[in-house]
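Read-outs: derived from the displayed coordinates by stated rules, not from any lab. Given the structure is predicted, the values throughout are model-derived calculations rather than measurements. All Cβ positions, even for glycine, are placed from backbone atoms using ideal geometry, and neighbour counts span all protein chains on display.
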Amino acid sequence: MNQKDPLVHLFAGGCGGTVGAILTCPLEVVKTRLQSSSVTLYIPEVHLSTINGARVSRVARVSPGPLHCLKAIYFAAYSSSKEKLNTVLEPDSSQVHMVSAGVAGFTAITATNPIWLIKTRLQLDARNRGERRMSAFECVRRVYRSDGIRGFYRGMSASYAGISETVIHFVIYESIKQKLMQSKASSNMDPEEDSVKYASDFIGLMLAAATSKTCATSIAYPHEVIRTRLREEGTKYRSFFQTFSLVISEEGYRSLYRGLTTHLVRQIPNTAIMMATYELVVYLLDG
């Protein structure tokens, strides 16, 4: 895929992020609840007690909405960085992919952390039946009243640590994609079989994205738990390393992987759909 105007990648990233989020949003709520320090689940018509004694409450429903288009910022930053680095380093090398993914991750995290913090707070907002769910505007007011502007950037250190996941993901993804493109170039397929070729390309990209994301997430997952803890309202968690050591001392090493299964069940299809949609939109806009 040739590097084109960043607006193409911005639009394609928005499409990919939105499609993936819409299809996998319910699992995102469950994953966040499992990562939190108080696990709460909702079972219709039955009220139970959780392990730590908290009352079972209704899970907050957070629709994907337009905010998930902000993932497009990452794709735009990634494509722009990659285009510039290709003129300095060996084109499409692992170094280019690693640095581009790091720059894109840093840019996207810095620009969007306040929004993801609000989303996390809304997902953790446990209300009983009949109680009105906290709105995004109310959540913003509570964060500002409690912690000021700094409150909107809680968990950002853990997100920066999570750039390692993004780097691993894109290095593996680009490597697999290059091999798929080489295999496609060496294959001799009749023109009338082009539709079959394009379908196999799409499936191949989805499998590449799923494989790379599984490897990256399994390696770097603890930062997700730490980030969720830091974003909880009125908690004892203050910094990345303080939270890391506190979670281990109080709950053990296994707690750093709470919600991993749910996260993988959501993240693998989400990433596969998002990346394949992104590549498809870029391909269609490239003509």
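Here are a few things to note about the model shown:
- Packing-based exposure ordering (other Cβ within 10 Å, fewest first) of ARG227, ARG142: ARG142, ARG227
- Shown is the FRET efficiency for GLU138 and TYR257, computed with R0 = 30 Å from the Cβ-Cβ distance and rounded to the nearest 0.05: 0.40.
- Cβ-Cβ FRET estimate between LEU207 and TYR153, R0 fixed at 35 Å, reported to 0.05: 0.45
- Long pairs among LYS184/LYS213; LYS119/LYS177; LYS213/LYS236; LYS84/LYS213, criterion Cα-Cα beyond 28 Å: LYS119/LYS177; LYS213/LYS236
- Each of ARG266, ARG254 was scored by other Cβ atoms within 10 Å of its Cβ. Arranged with the fewest first, they read ARG254, ARG266.
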